[in-house]
Amino acid sequence: MTGPRSDRWRSNAWRWRSAWLVWWVAMVFVPAATIAGDIPSPASILGFEPCAPRQLATYEEIATYLRALDQASERMELVEIGATAEGRTQLMAIISSEENLRGLERYREIASRLARAQDIDDAQARALADEGRAVVWIDFGLHSTERAHAQTAPEMAYRAVTDESDEMRAIRDQVIFLLLPNMNPDGTTLVADWYRRQLDTPWEDSPPPVLYQKYVGHDNNRDWFMFNQPETRNVGRQLYHRWFPQLVYNQHQEAPFPARIFIPPFEDPMNPNIPPLVMRGINLVGEAMSRRLDQEGKPGAVSRVSFDTWWNGGMRTAPYFHNMVGILTETGHSSPSTIVYDPEKFPKTFSTGASTSEPSTFYPRPFRGGEWRFRDSCEYMLSASMAVLDIGAKRRREWLYDIYQMGRDARAAGAGETWVISAAQWDPGTAAKLVNVLRWGGVEVERTLAPVFVGETSYPAGSYLVRGGQAFRPYVRDLLEPQTYPDRRIYPGGPPELPYDITGWTLPLQMGVAVERYDQAIEVETATVEWARPEPAPIRGRGAWGWAIDPRANDGFVLVNRLLAAGASVSRLPEPLKREDADWPAGAFLVESSSTSRALVERAAAELGLPAVALSEMPQGSRRLSRPRIGLYQGWGGNIDEGWTRWLLEQFEFPQLPILDADMREGDLRARFDVIVLPDAGWRSMLTGMAEGTMPPEYTGGMTLAGVWHLHQFVREGGVLVALDSASELPLTAFGLPVRDVTDGLSNERLFIPGTLLDLVVDPGHPLGFGMPAQAVGFFAHSPAFRVGRPSGRLEEQRGIEPAPPADIEIVASWPESGLLRSGWMLGEKVIAGRAAVVEARFGAGTVVLLGLRAQHRGQPHGTFKLFFNALLPISE
């Protein structure tokens, strides 16, 4: 499998420079600092002051400084917390007094015991809160094109180690400061390298033309309950398994203009699963920030604009459900260039309607314009960080006891609740993955050692129990129960207020896993689950021809891709397989026996738990599969959905190659590819790409009409075009298909489904529906919905008759006629009710597949992965 060509230039520049810089500093600076007992300043190693005009340090340079600081100071301990997507080592600094660092493990144990609130009473908790130290987390560098926070990190570390003011001494005495200098090391180096290359060109302030995290770019702040990416997992271990900080501060850079910084309090709605003490703590810390900024003469701090507390999945929001006070700030001006802001050009109001020029309750000191430097943004971040550390120190005992109290109350409130994840699932492997998602978030899970009986319902041994009586009960409830988003309008009867992110994310629904909630504490012998894995599956039956593989398991595609890569013979059975040892829906994979295929099937049965049965002969009507040549369209600019799709294909071992705009314009696509995937993107954005003059010429222009024509030819010549979500607009516009998107052009007042889980009706007998249940749940986010066939005539409209779909177009999945909503919020159900969600259209010798839902959204909806995967394995007639 070949990686994207656009990734190549990411890795070369930093490798030689990093190796040279580390050697040079080790030889010159570190020994001198150690021998002399001096503390090196950031400038002494970076070669410039952090946040200096038109200067950006790479992650390697920042890491080299931190290693030197660690060598020189006994107030800091630098630890490696894991590898990034591109293989860099992610660092975390632990800063406190020398005495505290000598007792560090004891303070970590106290934080853990108080957060878990288990086997401890109030008096013991008070004593531990007296003894312990507040654990305060501050991170930098998550979104790499928000460039100031990564550059601020080395100065924050230097000040925390060297400042001898009374305030900082008290902080070091009372706080264990976890400083994560970079949440996205790969992106920091990518952005710095790109900036240096573009200095003194018209594109000096342009972002890189590719994602600034290998797979997900900006969505690295959308992965905090799924833990799909390595950086998220690195941090999750520290937050929810090791350190359990009481305060978590996550820095960003996109203040509502013209404000200079957004600080809490947040906007409504508030998720009802968030403990009240968390919200009170958020507001308290926000007030401390705003007071400090005003005391230091820093204007432009605004609150209660744009950012709400509904969604569970961001770096600052997921901690809420772990009884941690999560803080977000958004500081303005991420450019290393100095800019003069003209107040005459400011918008008159914020999105809330509040004035940008007149003082108001949540914007009492407006920014009046004038010169703004990169350094000014960094100073605001330093001030906000100091406010968090200061209030962390001053209220140390309160923070420690509060997290205990919330955990204690959660255990008591959930003592009579149990969620059961049966071992008998449509796809047991995915059920194990759901359990591991919970485990990454620190949820306590047990596995039953005997059958479970609840009323008249029984569950086999090996089922999972998630008890409500645990400290992170808010997190459990929020992930396992449906969301009911409030109906919020800009004015009564008017358009809806835009939520910050999605409105529904219930894991069992989107992952296709049956989870039952009971209002009782189920008593059964169990074992604690560290990490779940599916039980090894025995290969049943006898026969020498080969094996049938259960089509219901997503991991079946891993096995099939391994088999096809090894040259094995694989087919699909278009009818259900009904035997004494296998009662499976249509689509079973059929594997002809060979020494290679036997080893792979046995390994998959043992490691992936894939059910297989031995066959004595090849079933009638089976259709052969060949290894697909898959092309994934990768337009310049960094499409997040493309990155997630690429990541997902890698996880399931699909072969793939990138198709760049130049490839589209060049043509001859059918000679190279069997399947082309268009990730979610609008027709115009694919056609025109980035505008001329905004980037170096080689990155502008899009696929153009020539590329669209070449896609047209590709399908006519026998290729398969898979259009994900809004990318369906391209074939609908350019191919003349008798299919119409009924959502096109509708206002938010008529249709608004901003990220919601809806019921989905599937045809499991269609090849695209193989392995799917007839009833599923789909993720809809401003997606298309299709009306298939010619428009109705006037008489047909009067009689409510819709023309039948033409024979060359088949509806594979559709939204039901009513009762669609499962989790989240929707407006305009009637618009999409009964309409098609997944359509297959024959076009010339090829096929167009329209997936009018987010079947692979952020690697989360495992329950609809097969709708996508089936389209990538075309079946020979």
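The values are calculated or read from the model by the stated rules, or taken from the named source; none is laboratory data. Since the structure is predicted, the reported quantities are computational estimates derived from the model, not experimental observations. Every residue, glycine among them, receives a Cβ derived from its backbone with ideal geometry; neighbour counts consider all protein chains shown. Protein only, heavy atoms only, side chains kept; ligands, DNA and RNA dropped before computing areas. Shrake-Rupley method; radii C 1.70, N 1.55, O 1.52, S 1.80 Å.
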### Task
Hey, could you check region 118-135 for residues that are closer than 28 Å to Gly414 by Cβ and touching a strand residue (DSSP E or B) at 6+ places or on another chain (Cβ under 8 Å) and say which is surrounded by the fewest Cβ atoms within 10 Å (Cβ to Cβ)?
Ala134
### region 395-421, subset open to solvent by less than 50 Å² (accessible area, probe 1.4 Å) and not in a helix (DSSP H, G or I), residue farthest from Gln118 (Cα to Cα)
Ile421
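Yes or no, residue by residue, for (1) among the hydrophobic types (A, V, I, L, M, F, W, C); (2) outside any strand (DSSP E or B); (3) without any contact (Cβ under 8 Å) to a residue 60 or more places away in the chain; (4) touching a strand residue (DSSP E or B) at 6+ places or on another chain (Cβ under 8 Å):
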{"residue": "Gly771", "(1), (2), (3), (4)": "no, yes, no, no"}
{"residue": "Leu795", "(1), (2), (3), (4)": "yes, yes, yes, no"}
{"residue": "Ala807", "(1), (2), (3), (4)": "yes, yes, yes, no"}
{"residue": "Thr847", "(1), (2), (3), (4)": "no, no, no, yes"}
### Query
How many residues does region 552-580 contain that are more than 17 Å from Glu653 (Cβ to Cβ) and either within 31 Å of the chain's Cα centre (by Cα) or open to solvent by 40 Å² or more (accessible area, probe 1.4 Å) (or both)?
6
### Query
In this structure, is Arg542 within 26 Å of Pro655 (Cα to Cα), assigned to a loop (DSSP other than H, G, I, E, B) and open to solvent by 30 Å² or more (accessible area, probe 1.4 Å)?
no
## Note on the structure
Scanning region 526-547 residue by residue, those among the acidic types (Asp, Glu) and either touching a Leu at 6+ places or on another chain (Cβ under 6 Å) or more than 22 Å from Trp584 (Cα to Cα) (or both) turn out to be Glu530
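Quick one: is Ala612 at pLDDT below 95, within 27 Å of Asp763 (Cα to Cα) and in contact with a strand residue (DSSP E or B) (Cβ under 6 Å, 6 or more places away or on another chain)?
no
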### Query
Do any strands (runs of 3 or more DSSP E) entirely within region 619-672 hold 3 or more residues that are more than 30 Å from Ala544 (Cα to Cα), and if so, which?
630-633, 657-659
#### Entry: Scope region 220-235; condition within 16 Å of Asn436 (Cβ to Cβ) and open to solvent by 10 Å² or more (accessible area, probe 1.4 Å); matching residues
Asn228, Pro230, Arg233
### Task
Identify all residues within region 336-364 that are surrounded by 13 or more Cβ atoms within 10 Å (Cβ to Cβ) and part of a loop (DSSP other than H, G, I, E, B); write none if there are none.
Pro336, Thr338, Phe346, Phe350, Ser351, Thr352, Ala354, Thr356, Ser357, Phe362, Pro364
### Message
Given (1) surrounded by fewer than 14 Cβ atoms within 10 Å (Cβ to Cβ); (2) modelled with pLDDT of 95 or more; (3) out of contact with any Gly (no Cβ under 8 Å at 6 or more places or on another chain); (4) in a loop (DSSP other than H, G, I, E, B), identify the lone condition not met by Ala527.
### Response
(4)
## Note on the structure
Checked region 105-117 for anything open to solvent by 20 Å² or more (accessible area, probe 1.4 Å), in contact (Cβ under 8 Å) with a residue 60 or more places away in the chain and either under 25 Å from the mean Cα position of the chain (by Cα) or within 23 Å of Ala157 (Cβ to Cβ) (or both); matches are Tyr107, Arg108
### Query
Any residue at all in region 792-812 that is surrounded by 23 or more Cβ atoms within 10 Å (Cβ to Cβ) and under 30 Å from Leu577 (Cβ atoms)?
yes
### Message
Yes or no: region 779-786 includes at least one residue that is within 22 Å of Gly494 (Cβ to Cβ), part of a helix (DSSP H, G or I) and not aliphatic (A, V, I, L, M).
### Response
no
## Note on the structure
region 437-499: strands (runs of 3 or more DSSP E) wholly inside it with 1 or more residues that are of a type in the set (D, E, K, R), in contact with a Phe, Trp or Tyr (Cβ under 9 Å, 6 or more places away or on another chain) and open to solvent by 10 Å² or more (accessible area, probe 1.4 Å) are 446-448, 464-467
### Query
With (1) among the small types (Gly, Ala, Ser); (2) buried (at least 23 other Cβ atoms within 10 Å of the Cβ); (3) at pLDDT below 95 as the list, and Gly635 as the residue in question, which single condition is left unmet?
(3)
### Message
If Asn271 meets every condition in (1) within 24 Å of Ala148 (Cβ to Cβ); (2) surrounded by fewer than 23 Cβ atoms within 10 Å (Cβ to Cβ); (3) under 27 Å from the mean Cα position of the chain (by Cα); (4) in contact (Cβ under 8 Å) with a residue 60 or more places away in the chain apart from one, which number is that one?
### Response
(1)
### Task
Could you please tell me which pairs satisfy a Cβ distance under 6 Å, a separation of 6+ or placement on different chains, a first residue in region 282-299 that is over 19 Å from Phe367 (Cβ atoms), and a second residue that is at pLDDT below 95 and not in a loop (DSSP other than H, G, I, E, B)?
none
### Message
Is it the case, given these coordinates, that Trp683 is farther than 18 Å from Ser626 by Cβ, under 24 Å from the mean Cα position of the chain (by Cα) and open to solvent by 20 Å² or more (accessible area, probe 1.4 Å)?
### Response
no
### Message
Please go through region 709-749 and give me each residue that is among the β-branched types (Val, Ile, Thr) and open to solvent by 10 Å² or more (accessible area, probe 1.4 Å), ordered by number.
### Response
Val720, Thr733, Val739, Val742, Thr743
### Query
Of the residues that sit in region 825-837 and are open to solvent by less than 30 Å² (accessible area, probe 1.4 Å) and under 18 Å from Thr864 (Cα atoms), which one is farthest from the chain's Cα centre (by Cα)?
Ala836
### Task
Those residues that are open to solvent by less than 10 Å² (accessible area, probe 1.4 Å) and over 24 Å from the mean Cα position of the chain (by Cα), I need them from region 180-203; list them, please.
Trp194, Tyr195
### Query
In region 422-429, is there at least one residue being open to solvent by 20 Å² or more (accessible area, probe 1.4 Å) and among the aromatic types (Phe, Trp, Tyr)?
yes
#### Entry: Residues satisfying the stated conditions in region 293-323, i.e. at positive phi and either open to solvent by less than 10 Å² (accessible area, probe 1.4 Å) or touching a strand residue (DSSP E or B) at 6+ places or on another chain (Cβ under 7 Å) (or both)
Gly300, Arg304, Ser306, Gly313, Asn323
### Message
Quick check on my filter: what residues within region 168-193 are touching a helix residue (DSSP H, G or I) at 6+ places or on another chain (Cβ under 6 Å), among the β-branched types (Val, Ile, Thr) and either under 25 Å from Leu56 (Cβ atoms) or not in a helix (DSSP H, G or I) (or both)?
### Response
Val175, Ile176, Thr188, Thr189
#### Entry: Count of region 373-394 residues which are open to solvent by 40 Å² or more (accessible area, probe 1.4 Å) and acidic (Asp, Glu)
1
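When only residues in region 45-63 that are β-branched (Val, Ile, Thr) and closer than 14 Å to Ala150 by Cβ count, which is farthest from the chain's Cα centre (by Cα)? Give the steps one after another, and end with the answer.
Kept after step one, since they are β-branched (Val, Ile, Thr), are these residues of region 45-63: 45, 58, 62.
From what's left, closer than 14 Å to Ala150 by Cβ: 58, 62.
Values: Thr58: 24, Ile62: 26 Å.
Ranking the candidates gives Ile62 first.
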